[in-house]
Amino acid sequence: MYTIKLFLVIAPLVISSRIDQDYSSPDSIPPEPKSRFAMLDDVKILANGLLQLGHGLKDFVHKTKGQINDIFQKLNIFDQSFYALSLQTNEIKEEEKELRRTTSKLQVKNEEVKNMSLELNSKLESLLEEKSLLQQKVKYLEEQLTKLIKNQPEIQEHPEVTSLKTFVEQQDNSIKDLLQTMEEQYRQLNQQHSQIKEIENQLRRTGIQESTENSLSSKPRAPRTTPSFHLNETKDVEHDDFPADCTTIYNRGEHTSGIYSIKTSNSQVFNVYCDVISGSSWILIQRRIDGSQNFNETWQNYKYGFGRLDGEFWLGLEKIYSIVKRSNYILRIELEDWKDNKHYIEYSFHLGNHETNYTLHLVEITGNVPNALPEHKDLVFSTWDHKAKGQLNCLESYSGGWWWHDVCGGDNPNGKYNKPRSKTKPERRRGICWKSQNGRLYTIKSTKMLIHPIDSESFELRQIKKPMN
């Protein structure tokens, strides 16, 4: 550019000097050889200027060419990046379509399961009403039969009464079958609910905002929660013949472990699992075996119970309180570690009601594992969404509901189910563990918590066998 400017300055001067020579006075004509040499000088100056102009233009062209090459390289890189982004966008769109299809299928299945559950509930209610009427009829017929027997001792049982009893037994069996079917339907419903919620979380992570006619709640919460399913409650009907606990059932001749119905004072009939151990039947209130049931549940679910009695479950604080409030009971905790070593410990205990947050007071009786729970202290039950005033928030470090004191200990049979060597040490402390007061930490594979009424003879034997810690 500087060369061009120089040329534009020199060229007018040369042209101007030529014009001045052409229009000079004819009287003063310079000698001819001098004029010729002046023109050659002008031409040289002009040629030199043009040469410099050419060099300047050449440099400018080279620079422009380099800049254009850089621009083309950047455009090529941009095209490649844009192409890669377009491929990723297409993949995300395909995944989105697949997730939408899966969500639609699961929602249809969810509705089908809900409808089946409603039908089963309706059938169950009608069967219970029919059973209640039949029981009244049977009771009336039994009274009539008793009167007839008194008047005529040799008379045999009326065929109608026998057929009615048989019919009632069949109805009972049908109701039990329906209850099991309902439990299975609810389990499937819970699985469908969890799958749909997981898919919704995936859709949110990819930035997709969708709403469906029957969308589930998408409000986030740290722990995963299974909807409360009271698989062991029935209608509030007359059940005067139901036993109060597993010991009564055992004394009636039922010596097999399994699910039975009981009725405590001022409560509804509910099912429990009776576990027969060494000639006595215990009520199972908690069981962990494989991690199939989430135990990081809400206060409401810990209060009324969750899970399946034939698998992993928590019976419910309210049910436990209704059983133990009428007499003294023993609490037995059975533990099995990942080396298949079995341990147990037994306590005499007192359990408070919901107004005390189900405060637990323990006194050790016997066992073959060091004690981990504080004795002679009030242990308050807490969950992640319910913490008693003045208590530490142990659930920030430990998952699952449990009885805590003024410190967060290492004993938590309701913690997260962790397999051995699959987690770090802090993570194992959050799982099922039993840390004795001497500092030893047991990582647990399976747990059972059982209760049994205290009788004086067995209590004295347990006191004699109590080991030293």
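The values are calculated or read from the model by the stated rules, or taken from the named source; none is laboratory data. Note that the structure is a prediction, hence the values are computed from the model and not measured. Note that we place each Cβ from the backbone using ideal geometry, even for glycine, and neighbour counts take in every protein chain shown. Keep in mind that these areas ignore ligands, DNA and RNA; they rest on the heavy atoms of the full protein, side chains included. Shrake-Rupley method; radii C 1.70, N 1.55, O 1.52, S 1.80 Å.
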For residue 119 the rounded accessible area (nearest 10 Å², probe 1.4 Å, non-protein molecules ignored) is 110 Å²
In what sequence, largest accessible area first, do 248, 146 appear using a 1.4 Å probe?
146, 248
Can you send over the solvent-accessible area of residue 325, 1.4 Å probe, protein chains only, in Å² to the nearest 10?
100 Å²
The answer for residue 365, listing residues at least 5 apart or on another chain whose modeled amide H is closer than 5 Å to its amide H, is 346, 347, 348
Decide, for the stretch 258-402, between rounded, prolate and oblate: order the square roots of the alpha carbon gyration tensor eigenvalues as a ≥ b ≥ c, take rounded if a/c falls under 1.5, and otherwise choose prolate if a/b is larger than b/c, else oblate.
rounded
Please find the FRET efficiency linking residue 112 to residue 91, where r is the Cβ-Cβ separation and R0 is fixed at 41 Å, and quote it to the nearest 0.05.
0.80
With a 1.4 Å probe and every protein chain left in place, tell me how much accessible area residue 336 has, in Å² to the nearest 10.
40 Å²
Express in nm, to one decimal, how much length is gained between residue 184 and residue 368 on full extension, taking 0.36 nm for each residue of separation and deducting their alpha carbon distance.
62.4 nm
Which pairs break 32 Å Cα to Cα here: 139/176; 105/131; 319/342; 93/419; 319/435?
105/131; 93/419
Give me the percent of accessible area attributable to carbon and sulfur for the stretch 239-361, probe 1.4 angstrom.
42 percent
Would you please give the FRET efficiency between residue 256 and residue 127, computed as 1/(1 + (r/R0)^6) with r the Cβ-Cβ distance and R0 = 41 Å, to the nearest 0.05?
0.95
